[in-house]
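Chemist: Below you will find the structure I want to go over with you.
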Amino acid sequence: MASSLRISRFISRSVFSSSLFSRGLSRVCKYSSDASSIEEPIKPTFEVDHTQLLIDGKFVDSASGKTFPTLDPRNGQVIAHVAEGQHEDVDRAVAAARKAFDHGPWPKMTAYERQRILLRAADLLEKHNNELATLETWDNGKPYEQAAEIEVPMLTRLIRYYAGWADKIHGLTVPADGPHQVHTLHEPIGVAGQIIPWNFPLLMFGWKVGPALACGNTIVLKTSEQTPLSALYAAKLFHEAGLPPGVLNIVSGFGPTAGAALASHMDVDKIAFTGSTVTGKIILELAAKSNLKAATLELGGKSPFIICEDADVDQAVELAHFALFFNQGQCCCAGSRTFVHERVYDEFVEKAKARALKRVVGDPFKTGVEQGPQIDSKQFEKILKYINSGVENGATLEAGGEKIGNKGFYIQPTVFSNVQDEMLIAKDEIFGPVQTILKFKDIDEVIQRANNSRFGLAAGVFTKNIDTANTLTRALRVGSVWVNCYDVFDATIPFGGYKMSGQGREKGEYSLKNYLQVKAVVTPLKNPAWL
């Protein structure tokens, strides 16, 4: 609940009010293509100390000695050189995790002891909130206020939530048709391989690590090559809290090498991946071709945000703006197909355009900035190509469409109207600050069009009519529906997708099933007094 309230306060301050971005406008800009509009970035005073692999409780170099640069998306400059884990390093990490699971104290501890370690880890995460937020912003480009006030506190809350689950995981006693005593055991699955993305490194670290550790598993986690720093620092804090060696291993590296080695490893019992649908298919194939390990996949999306004819247009504009532009649009559940009823369409488009023009873009370490740079040059160029595609296919470019400045990967907040379902900008996951606004006539039509996607991750509904809300929430083929809100996340709320948006659920009680095996134990009863 605390995390949801924190997000609500942030939204109300940064989305439904202009007070946040009215501060510091001498240092940042309402978007502009002027090269001087983005000043020289602030250099954090925080020292990057942890760039090696974390294997068996120790920071070590990669076996090859290779490193790779992690870059500051504000200017493309190197922040640090990080150890590049490859197949041999994954083998070392898996061996450490297997030893810790088979012979170490972690799965043999009482659940209460595991809980206490996780709670101590959460306390340390809270204590080092600002350091973690600094690494997250520096490596990723997201606003520091977002990282410090929302994401790191949510990570802390997640770990406390799963610490609470540690001593509440148990099996059942079940009846049988005959003289037998039957009970089930919920056992840890073993060594869990985990691969996290670059858009929310710390949150995805928590989504993966929290339930796996609460269930008594050991872990080999691969960070994204774009954002390896914050997970290494967080994992160090877990060890300071008393996590035994080998329980949590961190390998930094690239997907085709370290990621593929982890997904195909014969001694990994489970793989969890968050990322693109294309890569998710590869992970699933590798898991199946190796030891048929269980797989949890949280993949891409093209989520509809449906604004009905009875909506308060001003509020709808602000919420739709947040649903799309949050985190530079680099969010798998972004409300990237904005369906607006024809009766309010023209008013909505004009106000959405005005809101985008007011969006504050700049150095994410500066107070009041709403949008920082995109993650890297590859994503930057991909977004610009989609924008060009929208123009070429006949959509109306209402705002934005250009890069900002000559340094870093900044893109103007972009709005398209008159978007048609068959256009690429309406079908593909752009993963950037590009709002596409589509017109609809009635509920039956928008249900059909919203569901006509290979994705099914999330949706938003904006209406004053409870019957309309109920109709849409049951008809939409997605894993999450937000009604008159968006991006409300809580440790207790499950998250995952339908169709090609993945399989399995993360967060909440549902995620525990990803990291447990169920064993049935049957013994005969001799002359039972009752059955």
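Chemist: For segment 195-208, indicate whether the set of residues that are more than 15 Å from the chain's Cα centre (by Cα) and surrounded by fewer than 24 Cβ atoms within 10 Å (Cβ to Cβ) is non-empty.
Modeler: No, every residue in segment 195-208 fails to be more than 15 Å from the chain's Cα centre (by Cα) and surrounded by fewer than 24 Cβ atoms within 10 Å (Cβ to Cβ).
Chemist: Another question about this same structure. Which one of these does ARG74 not meet: (1) in a helix (DSSP H, G or I); (2) within 25 Å of the chain's Cα centre (by Cα)?
Modeler: Unmet for ARG74, out of (1) in a helix (DSSP H, G or I); (2) within 25 Å of the chain's Cα centre (by Cα): (1).
Chemist: Please verify whether LEU221 is free of Cβ contacts under 8 Å to residues at least 40 places away in the same chain, open to solvent by less than 10 Å² (accessible area, probe 1.4 Å) and of a type outside the set (Phe, Trp, Tyr), treating the condition exactly as stated.
Modeler: Yes; evaluated as a whole, the condition is true for this residue.
Chemist: Also: Listed residues THR523, THR473, THR468; which is open to solvent by less than 80 Å² (accessible area, probe 1.4 Å) and assigned to a strand (DSSP E or B)?
Modeler: THR523
Chemist: All but one of (1) open to solvent by 20 Å² or more (accessible area, probe 1.4 Å); (2) at pLDDT 95 or above hold for LYS108; state the number of the condition that does not hold.
Modeler: (2)
Chemist: Then there's this: Name the single residue that is most open to solvent (accessible area, probe 1.4 Å) among those in segment 416-459 being in a strand (DSSP E or B) and over 28 Å from ASP376 (Cα atoms).
Modeler: Checking each candidate, the answer is LYS439.
Chemist: From the list ALA311, ALA320, ALA287, which residue is in contact with a strand residue (DSSP E or B) (Cβ under 6 Å, 6 or more places away or on another chain), farther than 21 Å from LYS507 by Cβ and part of a loop (DSSP other than H, G, I, E, B)?
Modeler: Going through ALA311, ALA320, ALA287 in turn, the sole match is ALA311.
Chemist: Quick check on segment 380-402. Is at least one of its residues under 17 Å from ASP139 (Cα atoms), free of Cβ contacts under 8 Å to residues at least 24 places away in the same chain and open to solvent by 40 Å² or more (accessible area, probe 1.4 Å)?
Modeler: Scanning segment 380-402, I find no residue that is under 17 Å from ASP139 (Cα atoms), free of Cβ contacts under 8 Å to residues at least 24 places away in the same chain and open to solvent by 40 Å² or more (accessible area, probe 1.4 Å), so the answer is no.
Chemist: Restricting attention to segment 329-375, which residues are open to solvent by 10 Å² or more (accessible area, probe 1.4 Å), assigned to a loop (DSSP other than H, G, I, E, B) and small (Gly, Ala, Ser)?
Modeler: Correct list: SER336 only.
Chemist: For residues that are touching a strand residue (DSSP E or B) at 6+ places or on another chain (Cβ under 6 Å), on the phi < 0 side of the Ramachandran plot and crowded, with 20+ Cβ neighbours inside 10 Å, tally how many sit in segment 501-514.
Modeler: Result for segment 501-514: 3.
Chemist: Quick check on TYR486: is it at pLDDT 95 or above, crowded, with 16+ Cβ neighbours inside 10 Å, touching a Leu at 6+ places or on another chain (Cβ under 8 Å) and under 29 Å from VAL369 (Cβ atoms)?
Modeler: yes
The values are calculated or read from the model by the stated rules, or taken from the named source; none is laboratory data. Note that this is a predicted model, so its numbers are computed, not measured. Virtual Cβ from ideal backbone geometry, glycine too; neighbours counted across all protein chains shown. The area values use the complete protein model at the heavy-atom level, side chains included, leaving out ligands, DNA and RNA. Shrake-Rupley method; radii C 1.70, N 1.55, O 1.52, S 1.80 Å.
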